[in-house]
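Chemist: I have a structure I would like to understand better, so I am pasting it below and will then ask my questions one at a time.
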Amino acid sequence: MKYYRLNYCSLIIVVLMTISCQPSLDVNDNTHVDYDYIGTLHNEGLDRIYDKISNSNTLEENLLIVETESRAMFKDQISHSKESEKSFTDLVKVINANSNQSFTNLNEALILEMNSNISSEQEEVALDVLQLLSTPDLSKSAFNLEFKEIEQRIYKTIIIDEQPALLAGLYLGRSSYFYWKENSLKWIGKLATPGSRISDNREKISDGELIGGADVAGAISGAGAVGLAAWAFGPIGWGFAAGFTVVSGLVSSGGAAIIVYSSK
């Protein structure tokens with residue numbers, strides 16, 4: 001936990017250093033946020049959850065590990081306000097309520113939760129982000145080309161106060177997309193029926209390539225739920241909002257992985 005608090009502090013320090021180097025930028029300029037670092041923290045959180053889960057646990061026990069570890073890593077951000085606590089709790093409820101449903105049902109429920117926390121203009125772009133994250137087998141160059149087009153669209157068409165939630169989700173989504181391409185077999189090996197073969201898990205591998213979409217829906221939902229004020233409140237506000245974006249994506253991604261990869 002101390003390690004993640006240190007990372008949280010580091011995020012704020014990076015923000016402060018950026019401000020000092022660019023004094024001409026307005027205090028509400030979201031370029032101060034280190035969006036790449038949001039994705040890095042998210043993937044580190046997934047690795048920590050992976051170390052705790054087991055195929056000897058029930059589905060419910062592993063989902064509880066996802067919630068518990070997410071809370072432990074980002075306790076301060078979750079308890080920061082009534083809005084953040086409610087948003088995190090609502091995401092957990094959505095995941096648990098769909099634990100015995102198909103991944104498609106879970107994804108649709110997370111998208112509904114996301115849409116309830118963002119504007120219609122944000123929703124239009126967010127769905128394009130989800131579409132990108134739901135496209136399997138893209139090379140890094142092809143993915144980054146689409147990524148840059150969406151990023152520029154956010155800067156050009158979305159009002160500045162609403163940009164950070166989308167940018168945070170976009171960058172976190174990129175980290176998630178390549179994390180699951182590289183680590184899905186590892187997670188299947190830890191959660192699938194002992195002795196099962198890869199050929200028995202083809203459907204799980206296919207669904208696993210789409211986990212990034214659930215991840216982004218949760219992340220943008222959390223980023224939107226904490227409100228524009230958090231993103232506009234200078235470095236401390238950015239640090240909280242960015243951290244809460246990470247944990248919202250983390251609990252959604254980890255929960256989706258448990259549901260997709262577990263034996264049923």
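The values are calculated or read from the model by the stated rules, or taken from the named source; none is laboratory data. Everything quoted here is computed from the prediction, not taken from an experiment. Here the Cβ positions follow ideal geometry from the backbone for every residue, glycine too, while neighbour counts run over all protein chains shown.
Chemist: If you scan the range 223-264, which residues turn out to be in a loop (DSSP other than H, G, I, E, B) and at pLDDT 80 or above?
Modeler: Ser262
Chemist: If you scan the range 129-155, which residues turn out to be small (Gly, Ala, Ser), in a loop (DSSP other than H, G, I, E, B) and farther than 12 Å from Leu210 by Cβ?
Modeler: Passing the criteria: only Ser139.
Chemist: Further question on the same structure: Look at Ser196 and say whether it is hydroxyl-bearing (Ser, Thr, Tyr), modelled with pLDDT of 70 or more and either more than 17 Å from Ile78 (Cα to Cα) or in contact with a Leu (Cβ under 6 Å, 6 or more places away or on another chain) (or both).
Modeler: Considered against the rule, which asks whether it is hydroxyl-bearing (Ser, Thr, Tyr), modelled with pLDDT of 70 or more and either more than 17 Å from Ile78 (Cα to Cα) or in contact with a Leu (Cβ under 6 Å, 6 or more places away or on another chain) (or both), Ser196 comes out as no.
Chemist: Do any helices (runs of 4 or more DSSP H) entirely within the range 56-128 hold 3 or more residues that are more than 16 Å from the chain's Cα centre (by Cα), and if so, which?
Modeler: Because the criterion is at least 3 residues that are more than 16 Å from the chain's Cα centre (by Cα), the helices (runs of 4 or more DSSP H) in the range 56-128 that meet it are 59-73, 82-97, 103-115.
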